[in-house]
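Every read-out reported here was derived from the displayed coordinates using simple, explicitly stated rules and does not represent laboratory data. Computed from a prediction, not measured in an experiment: that's the story for all the values here. Positions of Cβ are backbone-derived with ideal geometry, glycine not excepted, and every protein chain shown enters the neighbour counts.
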Amino acid sequence: MTTPPEPVCDVPSLSVAELKKLPLEEVKAMLNMSSLADLATVPADERVLLLPHCLRRSDRCQARQNREQGLLCQDCDETCAIHILRTAAQEQGYLGVCIAPGGTLAARYIKEHKPHGLVAIACDKEIDLGLQALGEMLTNGDLPLAPITIFVKLSRDGCVDTEVNVDQARAAIDA
Ligand code: SF4
C-alpha cells in the first residue's frame with residue numbers, strides 16, 4: 001500500500017492578486033505549512049540556506065563581516081555549526097548560503113536570489129520576522145512565488161554562541 005502524499009503549502013498556487021486580498025497573518029500561516037517532503041520537490045540549485053551569524057564560535061571566529069553579503073566564513077573550525085551546515089548546502093549544490101547578521105540582509109538576499117526552496121535557521125523572533133518579510137515580499141510582488149520554507153529553530157538562542165540541533169538542520173538541508 002502506498003503512503004498518501006503529505007499536504008503541500010498552497011501559497012505557490014495563489015497569484016499575487018489573490019494574496020493581496022488575504023490578511024498578512026493568513027499569508028504567514030500558509031508560508032509556515034511546508035514539510036520536508038514539500039522541500040524535497042525543489043532541486044538543490046533552487047534553494048537557499050539562511051544561517052544566523054550568532055551561531056559562530058565567538059572566541060575564535062576568523063570570519064569577516066561584509067555589509068552586502070553578511071558573514072564571510074573562513075572555515076576555521078570543523079565543529080562550528082556554520083561550517084558544517086554551509087558545507088552541507090554547498091555539497092548539495094544550493095543556489096546560495098547567506099550568514100546574516102539580521103533580517104534586513106536576509107530579506108534582501110531572498111529578494112535578489114528568488115529561491116523556490118528556503119531552509120532558515122533562526123530563533124522564534126527571527127522566524128516571526130522572516131514570515132512577516134516573506135509575506136510582505138509576496139504581497140508587494142517582490143517575489144513571484146512563495147518559496148517552500150522550512151524553519152529550524154535554534155535550540156539555544158540569545159545573540160552570541162547560539163546553538164542548533166545540527167542533525168535536524170542537516171535533515172532539512174538534505175531533504
Ligand atoms: S567556521 Fe566560520 S563561522 Fe565558524 S567560527 Fe570559523 S570562521 Fe567563524
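Observations on the model:
- Search result, residues across the range 147-175 that are without any contact (Cβ under 8 Å) to a residue 40 or more places away in the chain and crowded, with 17+ Cβ neighbours inside 10 Å: Val152
- Where a residue in the range 110-137 is free of Cβ contacts under 8 Å to residues at least 60 places away in the same chain and its partner, wherever it lies, is assigned to a helix (DSSP H, G or I) and among the aliphatic types (A, V, I, L, M), with Cβ under 6 Å and at least six apart: Ala133/Ala107
One line per residue, one yes/no per condition, for (1) assigned to a helix (DSSP H, G or I); (2) in contact with a helix residue (DSSP H, G or I) (Cβ under 8 Å, 6 or more places away or on another chain); (3) not polar (S, T, N, Q):
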| position | (1), (2), (3) |
| --- | --- |
| Leu105 | yes, no, yes |
| Ile110 | yes, yes, yes |
| Ile121 | no, yes, yes |
| Gly135 | yes, yes, yes |
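- Number of positions in the range 21-43 that are over 22 Å from Gly102 (Cβ atoms), among the aliphatic types (A, V, I, L, M) and touching a strand residue (DSSP E or B) at 6+ places or on another chain (Cβ under 8 Å): 3
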